[in-house]
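Reviewing the structure listed below.
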Amino acid sequence: MSDALSIQDYAQLSDEECEQRILAAREALGERLVILGHHYQRQEVFKFADFAGDSLKLSRQAANSKAQFIVFCGVHFMAEVADILSRDDQVSIIPDLAAGCSMADMANLAAVERAWQELSEVLAPDERVTPVTYINSAADLKAFCGRHGGIVCTSSNAGKVLEWSFAQREKVLFFPDQHLGRNTGYRMGIPLEEMVEWDFDQPLGGLTPEQIRKAKIILWKGFCSVHQMFQPEHIDKFKQLYPDAKVISHPESSFEVCQKSDAVGSTEMIIRTIADSAPGTRWLVGTELNLVNRLHEQFKHEGKNIHFMSPTVCMCSTMFRIDPQHLAWTLENLVAGNIVNQIKVAPQEKEQARLALQRMLDISL
Ligand code: 13P
Ligand code: SF4
């Protein structure tokens, strides 16, 4: 082990220089390293991923990986999941610690425990409510779900997870993304009036005891700042120009956008659906810009036209923090024997969070 290399020494390197150094470091680390890349990563980083995927696919990849170092090109909660699901001797790393998720930050343990406590003034939540956390959440919220008989979901298994949850208890507290919860519940046949919004800044979530007693799903008032940019008017305008075009959206988009879409699904599902469509199909896509740009490049040769849903450029600024400079810095440190930016979840929290994640993995085979 030598002194850790400083990120400052990488800031001025060009992407091309970084590329050479990343490839050399990868070669030196061999099978000790695996690089996982989420679909929202910028192309300059995405191209180095050994495995790409949505949150569910990458969780499985992390759980099955034999590599000593799992370098996660994604956001913080993904690297936490990799740490929770991997062996204790494996090391989960994120190239830039500032790569968080603003939606995940909209729920924290204190606020969720307060909500659980307040719910107990109306009903017995541990008997009547299954807590469900979207994977876009901190490890302590997954642990909360683990110890309260709850579960984790991703955008690709939320329907199955809600079915499981209702088989355990009659109601669900769903956090932090109201849209994924509402869109999934509605698809299962739950009417909108039986899904109430929990405003975490208000006593009793801004709800009456009667509203809580009648609700099937209590939706945390969180959202994704990227997907909230997509509006139903964008779809209307596009359809006026191209009446035969298809619309596909991520379920973090609003209810109105998802209702106007031909298909709704995870990033992996969006890619698969467009790949399987007929040559010449025109698509309006409501998800993050780096993925939409990649789809455009990938499928233009098949005559497919891929359009981004918002007229303004909106990308996930935290996903974007992972750049070739940080990746080169991370890998060269590993070659030098230094572990930088390790993500390590505390043992007790890890055990309870793993329970909630394992429940999810078991039912989404
Ligand atoms: P996917 O699991 O669909 O890739 O979504 C992750 C995410 O953060 C979407 O904003
Ligand atoms: Fe979080 Fe939204 Fe970025 Fe996904 S796109 S990581 S939900 S901020």
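The values are calculated or read from the model by the stated rules, or taken from the named source; none is laboratory data. Owing to the predicted nature of the structure, the values given are computational and were not obtained by experimental measurement. Virtual Cβ from ideal backbone geometry, glycine too; neighbours counted across all protein chains shown.
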| said: Looking at residue 293 and the list (1) farther than 23 Å from residue 48 by Cα; (2) of a type outside the set (D, E, K, R); (3) within 16 Å of ligand 2 (Cβ to nearest atom); (4) out of contact with any helix residue (DSSP H, G or I) (no Cβ under 7 Å at 6 or more places or on another chain), which single condition is not satisfied? | reply: (1)
| said: On the basis of being assigned to a helix (DSSP H, G or I), among the hydrophobic types (A, V, I, L, M, F, W, C) and either more than 16 Å from ligand 1 (Cβ to nearest atom) or surrounded by fewer than 17 Cβ atoms within 10 Å (Cβ to Cβ) (or both), does residue 98 make the cut? | reply: no
| note | residue 306 vs (1) in contact (Cβ under 8 Å) with a residue 60 or more places away in the chain; (2) assigned to a strand (DSSP E or B): all pass except (1)
| note | Given (1) in contact with a Cys (Cβ under 6 Å, 6 or more places away or on another chain); (2) over 20 Å from residue 351 (Cβ atoms), residue 131 misses just (2)
| request: Only residues that are of a type outside the set (Lys, Arg) and farther than 23 Å from residue 102 by Cα: list them for segment 290-324, please. | output: 295, 296, 297, 298, 299, 301, 302, 303, 305, 306, 307
| Matching residues in segment 31-49 - criterion: being under 19 Å from the mean Cα position of the chain (by Cα) and not aromatic (Phe, Trp, Tyr) | 35, 36, 37, 38, 39, 41, 42, 43, 45, 49
| Candidate set: segment 311-338, residues that are buried (at least 17 other Cβ atoms within 10 Å of the Cβ) and assigned to a loop (DSSP other than H, G, I, E, B); chosen: the one farthest from ligand 2 (Cβ to nearest atom) | 323
| note | Counting only residues that are modelled with pLDDT of 95 or more and within 16 Å of ligand 1 (Cβ to nearest atom), segment 281-317 contains a total of 16
| field | Condition met for residue 193 (among the charged types (D, E, K, R), at pLDDT 95 or above, outside any loop (DSSP other than H, G, I, E, B) and under 23 Å from the mean Cα position of the chain (by Cα)) | value | no
| What are the residues in segment 143-188 that are assigned to a helix (DSSP H, G or I), surrounded by fewer than 19 Cβ atoms within 10 Å (Cβ to Cβ) and charged (D, E, K, R), if any? | 147, 160, 163, 187
| message | List the residue pairs whose Cβ atoms are under 6 Å apart, where the first residue sits in segment 254-266 and is part of a loop (DSSP other than H, G, I, E, B), the second is of a type in the set (Ser, Thr, Tyr) and surrounded by 15 or more Cβ atoms within 10 Å (Cβ to Cβ), and the two are 6 or more positions apart or on different chains. | response | 261/249; 266/155; 266/156
| How many residues, within segment 206-238, are within 21 Å of residue 158 (Cβ to Cβ) and either more than 16 Å from ligand 2 (Cβ to nearest atom) or not in a helix (DSSP H, G or I) (or both)? | 13
| query | Is there a residue in segment 274-282 that is polar (S, T, N, Q) and within 16 Å of ligand 2 (Cβ to nearest atom)? | reply | no
| field | Enumeration of residues in segment 189-209 that are among the hydrophobic types (A, V, I, L, M, F, W, C) and either under 18 Å from residue 252 (Cα atoms) or surrounded by 18 or more Cβ atoms within 10 Å (Cβ to Cβ) (or both) | value | 190, 192, 195, 196, 198, 200, 207
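Does at least one position in segment 110-122 carry a residue that is part of a helix (DSSP H, G or I), within 15 Å of ligand 2 (Cβ to nearest atom) and among the aliphatic types (A, V, I, L, M)?
No, every residue in segment 110-122 fails to be part of a helix (DSSP H, G or I), within 15 Å of ligand 2 (Cβ to nearest atom) and among the aliphatic types (A, V, I, L, M).
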| Of residues in segment 210-230 being surrounded by fewer than 19 Cβ atoms within 10 Å (Cβ to Cβ) and free of Cβ contacts under 8 Å to residues at least 60 places away in the same chain, the one nearest to ligand 1 (Cβ to nearest atom) | 228
